[in-house]
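All of the numbers you see were taken from the coordinates with simple rules; none came from a lab. Computed from a prediction, not measured in an experiment: that's the story for all the values here. Here Cβ is always computed from backbone atoms with ideal geometry, including for glycine, and neighbour counts include all displayed protein chains.
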Amino acid sequence: MSLKHAACIVGAFEHPTRKAEHQSVAQLHAEVAWGALQDAGLTKDDIDGYFCAGDAPGMGPVNIVDYLGLDRLRHADSTDFGGSSYLAHVAHAAAAIAAGRCNIALITLAGRPRAEAMATGTTPRSWGANVPDDPFEIPMGRTVAAAYGMVAMRHMYEYGTTSEQLAWIKVAASHHAQHNPHAMLKKVVTVEEVVASPLVADPLHRLDCCVISDGGGALIVTRPEIARSLKRPVVSVRGTGEALKHQAGGTIDLTYSAGRKSGAAAFTEAGVTPADIRYASIYDSFTITVLVQLEDLGFCAKGQGGAFVADGNLISGVGRLAFNTDGGGLCNNHPANRGGMTKIIEAVRQLRGEAHPAVQVPDLALALAHGTGGLLGTRHASATLVLERLA
Amino acid sequence: MTPAANRAIPAPVIDPTSRPFWEAAREGRLLIGLCGDTGRHFFYPRGCSPFTLSPNVTLVESKGMGVIYSFSVMRVAEPYAIAYVELDEGPRILTNIVDCDLDGVRIGQRVRLVWKQTTGEGAPVAMFAPA
């Protein structure tokens, strides 16, 4: 069953906080849910479907549904693809809506790793008890930064990609972030400043890494006929894809991500190609994350990502492809260490024509949002959305 | 020059399925999985084949030689080099490169197995040093 135009995003809200010292994680979920409902012009009682991931405290959706007081749910889903969960949730919500399982779905994300002083990327993390790979990898110091560092190192070895090319991704993000009053890093940086920043995990420098922030975001997804009855512009889900990639018994190839499959699925369902896309939200946990995913999505050939991102090609109004015009995870925020939600929200802003005027892509009808959750260097899930503004 | 630090390596948490792997580690033997259906080696070892899901798997000893497929040096207070080493038997295993200048580590470098002790009474873990 194709999900093409099966559902629309009618509400989107990004929490303005970057350090939540006075709110619990559950309260942040409530505040983003409220914001998305206000944006859509709907109320709590309209919600009959709910989607969340591992950032929601408690057992799947159960405890947070209680906190939010959602009592008309007919459908819930707590698929956890790490940071890319929310992109998959939009697709899952579209499927549920198409199957008649719900009409108006709420998706929330929130967290406060910054207030909790979490060493997100530089200490080994486990995703729970009984994880089968942990005994083999935690003793090795499997940090997030090192896992992406290995990806970058191999990419440089195979394709000659340089630190300066990776730095251009941060430079582009910073050009966008200067216009975002909420962004954590608003200062425009140069290639030289990025490569001169201290190494964190070779070959990645401090400025190749995303920020650690609190906050969150929420979306309202509904069927097209309801979307048209609401006051907001109709942003339709035109293509969806998801895929997983792992070590495959020790045959892992670090040069590509699951985005190769999720992107192809989304483009096929949408009936468009990368050449049709002028704005893309691309998950940016690190600069290398963006580069690998741009190749895998087909914006350039494998190995050509370095040349593609150089010289401002990702800067809105300057380059071929405007990316992450809110500043992205590299400069704006990375709430709960999960960047997929804000990727969708900025794509929705662009399609509504509500991005900052300095970074708004004119006359935009199509946008792509893509994320990777987990570790590119070990195992991860990718999800891709092609979104379209309908007249 | 960044000498490899003798960092405190957390002990692996041992589960029932992987226990034979860790018992062999205490004897200085690196075991890898062998899929009886395909004849292919795999890592990390487990009770099923990652190629077919079949339970037709055994543990066999690796010669402990390989080349560095990729690596990254974590620039923390006690720096260390995390790496995938491609064993001569085939599998790429997540490990550390030790007993060397971390600034000299290179992809393609030939390496050999070195056992490193973990905290407490933990089983040792398989790491690699330049051959």
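Mind checking which of A:Pro61, A:Ala6, A:His22 is farthest towards the positive end of chain A's charge dipole, using Cβ charges of +1 (Lys, Arg) and -1 (Asp, Glu) about the Cα centre?
The listed residue farthest towards the positive side: A:Ala6.
Take the Cα radius of gyration of chain B and divide it by 2.2 N^0.38 Å, with N its residue count; two decimals is plenty.
1.08
Under a 5 Å amide H to amide H cut-off, with H placed in plane at 1.01 Å, what residues pair with A:Thr251 once short-range neighbours are removed?
Close amide H contacts, sequence-distant or interchain: B:Arg92.
Using the Karplus curve 6.51 cos²θ - 1.76 cosθ + 1.60 with θ = phi - 60°, work out ³J(HN,Hα) for each residue of segment A:229-235 in order, rounded to whole Hz, and write x for Gly and Pro.
Rounded to whole hertz, the list is 7, 9, 8, 8, x, 8, 9.
May I ask you to list the lysines whose Cα is less than 18 Å away from that of B:Lys63, ignoring any residue fewer than eight positions away on the same chain?
B:Lys116
Straight distance only, please: which lysines reach the Cα of A:Lys19 with their own Cα at less than 25 Å, same-chain residues fewer than 8 apart left out?
Within reach: A:Lys170, A:Lys186, A:Lys187, A:Lys343.
Let's test this: bin the Cα-Cα distances of segment A:24-76 at 10 Å from zero up to the farthest pair and state each bin's percent.
Result, from short to long distances: 24, 60, 15 percent.
For segment A:251-299, what is the largest minus smallest coordinate of the Cα atoms on each principal axis, given in angstrom and ordered from greatest to least?
Computed over segment A:251-299, the largest-to-smallest principal extents equal 31, 24, 13 Å.
Got a sec? Charge dipole of chain A, +1 on Cβ for Lys and Arg, -1 for Asp and Glu; which of A:Ala146, A:Gly327, A:Gln350 is way out at the positive end?
After comparing all options, I get A:Gln350.
What angle, in degrees between 0 and 90 and rounded to the nearest 10, separates the Cα long axis of helix A:25-40 from the longest principal axis of the Cα atoms of chain A?
For A:25-40 against chain A, the angle is about 60 degrees.
B:Gln109's amide H: which non-local residues (gap 5+, or another chain) put their own amide H closer than 5 Å, with H modeled 1.01 Å from N in plane and none for Pro or chain starts?
The list, which skips near neighbours in sequence, is B:Ile68.
Using label points projected 7 Å from each Cα along Cα→Cβ, tell me how many nm separate A:Asp253 and A:Arg206, to one decimal.
Placing both labels 7 Å along Cα→Cβ, they lie 3.7 nm apart.
Given +1 on the Cβ of Lys and Arg, -1 on the Cβ of Asp and Glu, and no further charges, what dipole in debye does segment A:73-136 carry about its Cα centre, rounded to the nearest 20?
260
Of B:Val73, B:Val114, B:Pro12, which is farthest towards the positive pole of chain B's charge dipole, taken about the Cα centre with +1 and -1 on the beta-carbons of Lys, Arg and Asp, Glu respectively?
B:Val73
Pop out the ³J(HN,Hα) list for segment A:50-67 in order, Karplus 6.51 cos²θ - 1.76 cosθ + 1.60 with θ = phi - 60°, rounded to Hz; leave Gly and Pro as x.
Taking θ as phi minus 60°, the curve returns 9, 10, 8, 10, x, 6, 6, x, x, 8, x, x, 5, 5, 6, 4, 4, 4 Hz for segment A:50-67.
Could you give each residue of segment B:23-37 its phi-based ³J(HN,Hα) in whole Hz, using Karplus coefficients 6.51, -1.76, 1.60 with θ = phi - 60°, and x for Gly or Pro?
5, 5, 4, 5, 9, x, 10, 8, 9, 10, x, 10, 7, x, 7
Please work out the Cα center distance from segment B:1-34 to segment A:235-250, rounded to the nearest Å.
32
Treating the angle as unsigned and between 0 and 90°, give the value, to the nearest 10°, between the Cα long axis of helix A:144-159 and the longest Cα principal axis of chain A.
Around 60 degrees separate the two axes.
Where nothing but the Cβ of Lys and Arg (+1) and of Asp and Glu (-1) is charged, how large is the charge dipole of chain B around its Cα centre, in debye to the nearest 20?
Here chain B has a charge dipole of around 120 debye.
Express in whole angstrom the spacing between the alpha-carbon centres of segment A:112-147 and segment B:83-114.
21
Starting from the Cα coordinates of the protein assembly as shown, work out the convex hull volume and express it per residue in Å³.
145
What per residue convex hull volume, in Å³, do the alpha-carbon atoms of segment A:140-206 yield? Could the numbers behind the result be given before it?
Working: hull volume 5.9 nm³, N = 67.
Cα-based convex hull of segment A:140-206, divided per residue, equals 88 Å³.
Using +1 on the beta carbon of Lys and Arg, -1 on that of Asp and Glu, and nothing else charged, what's the dipole of the protein assembly as shown about the Cα centre, debye to 20?
Working: 46 positive and 50 negative charges, 92 e Å.
Magnitude of the dipole: close to 440 debye.
Give me the extension gain from A:Gln27 to A:Met118: residue separation times 0.36 nm, minus the current Cα-Cα distance, reported in nm with one decimal.
The span from A:Gln27 to A:Met118 would gain 30.8 nm if fully extended.
What's the exposure ranking of A:Ser382, A:Ser2, B:Ser70, going from fewest to most Cβ atoms within 10 Å?
A:Ser2, B:Ser70, A:Ser382
Give me the angle, in degrees from 0 to 90, between the Cα long axis of helix A:259-270 and the longest principal axis of the Cα atoms of chain A, rounded to the nearest 10.
40
Would you mind computing the Rg to Rh ratio of segment A:89-238 from its alpha-carbon coordinates, Kirkwood style for Rh?
That ratio is 1.07, to two decimals.
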